[in-house]
Amino acid sequence: EDKIVLTGEKIIVKVGKLNIGENDSPILIAGPCAVESREQVLEIALRLKEIGVDILRGGVFKPRTSPYSFQGLGLKGLEYLREAGEKIGVPIITELMDEENLEAVAEYSDIIQIGSRNMYNYPLLKKVGQIDKPVLLKRGMSATIKEWVLAAEYIASCGNKNIILCERGIRTFQNYTRNTLDLAAVPIMQRETGLPIIVDPSHGTGIRELILPMSRAAVACGANGVMIEVHNNPKNALSDGFQSLTPDQYKEVVEALKEITN
Ligand code: PEP
Ligand code: MN
């Protein structure tokens, strides 16, 4: 039998005061694609706090398609992200790309993000399985449901059941959107694993205008939250500016989600 630890029994993941997976209002994770400077992350964090945010996101190790693109600020960026999170009083999340930085990310970040490209990195999954930090496991961009379930099982079978899943779109023949957001995965993964799941419509569509409707759809089909890229000045962002919302656009999403119950 494949499923040994994740039986489908409901799991609630505690992060600070949040109980992710409880039938509460959806968890709002927002922030820039990448931490670009101390000022940038503090400024956007304060703005997000005014609008409404539960967890602050920001990449410091960026898995960029091109080696010549901005790769992130590394550990310095992690300090800035933590400072910003403390300033507004919310937990933070950042991506871990390799074992080398596990200790630092586990110490500084409240949630460890495993990105789409690393969903199949089984040694890394085992490592985050051996600590008790919450892990946000993004779906591999070409992962089947079964492969994704088993990636979560890799983490859980090492002892760490504090896993939040994240649907971020998959590659299909359709190339109008950056990825094809597979919302059917939301109720399927909840049933198969019992884990909470959030949706990332930013990478899931790559189109700013689709983020509001897809956030509504995500919550309507039972997602436990959304993760949205927001930048103070998307035109000048060092990564993913084209899909990043301005704070005002993010506010519209937050307002719209108040009308939806899951
Ligand atoms: C991200 O959320 O910062 C990211 C790189 O997304 P993904 O791993 O889904 O491509
Ligand atoms: Mn991004």
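None of the figures in this text is laboratory data; all of them are computed from the coordinates on show. The structure displayed is predicted, hence computed values, not measured ones. No Cβ is skipped: glycine too gets one built from the backbone with ideal geometry, and neighbour counts run over all protein chains shown.
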### Message
Going by amide H atoms built from the backbone, whose H comes under 5 Å of the H on Ile170, apart from near neighbours?
### Response
Thr180, Leu181, Asp182
### Task
Please quote Rg/Rh for the stretch 115-262 to two decimal places, taking the Kirkwood radius as Rh and restricting both calculations to Cα atoms.
0.98
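Report the FRET efficiency, 1/(1 + (r/R0)^6), for Phe242 and Phe173, where r is their Cβ-Cβ distance and R0 is 25 Å, rounded to 0.05.
Values: r = 22 Å, r/R0 = 0.88.
Efficiency at R0 = 25 Å is approximately 0.70.
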#### Entry: the chain: relative contact order in percent, alpha carbon pairs under 8 Å with at least 6 residues between
21 percent
## Note on the structure
Sequence order, the stretch 24-34: Karplus ³J(HN,Hα) from phi using 6.51 cos²θ - 1.76 cosθ + 1.60, θ = phi - 60°, Hz rounded, Gly and Pro as x, gives 9, 5, x, 6, 9, 10, 8, x, x, 4, 10
### Task
Please go through the residue pairs Lys127/Lys161; Lys62/Lys235; Lys17/Lys62; Lys87/Lys127; Lys161/Lys258; Lys146/Lys251 and name each one whose alpha carbons sit more than 24 Å apart in this structure.
Lys17/Lys62; Lys87/Lys127; Lys161/Lys258; Lys146/Lys251
### Summary
Taking max minus min of the Cα coordinates of the chain on each principal axis, largest first, gives extents in Å of 50, 40, 39
### Query
For the stretch 56-63, in order, what is each residue's ³J(HN,Hα) by Karplus, 6.51 cos²θ - 1.76 cosθ + 1.60 with θ = phi - 60°, in whole Hz (x at glycine and Pro)?
8, 9, x, x, 10, 10, 9, x
### Query
Top mean-square fluctuation among Arg171, Arg64, Arg38, Gaussian network model of the chain, C-alpha springs under 10 Å?
Arg64
### Query
Gap in Å between the Cα centre of the stretch 208-258 and the Cα centre of the stretch 158-186?
16 Å
### Longest site-free stretch - the chain; sites: chymotrypsin sites (Phe, Trp or Tyr not before Pro), DSSP loop, at most 11 other Cβ within 10 Å
69-172
### Task
For every helix of n ≥ 4 consecutive DSSP H residues, a contribution of -39,500 (n - 2.57) applies; sum these over the chain, divide by its total residues, and give [θ] at 222 nm rounded to the nearest 500 deg cm²/dmol.
-10000 deg cm²/dmol
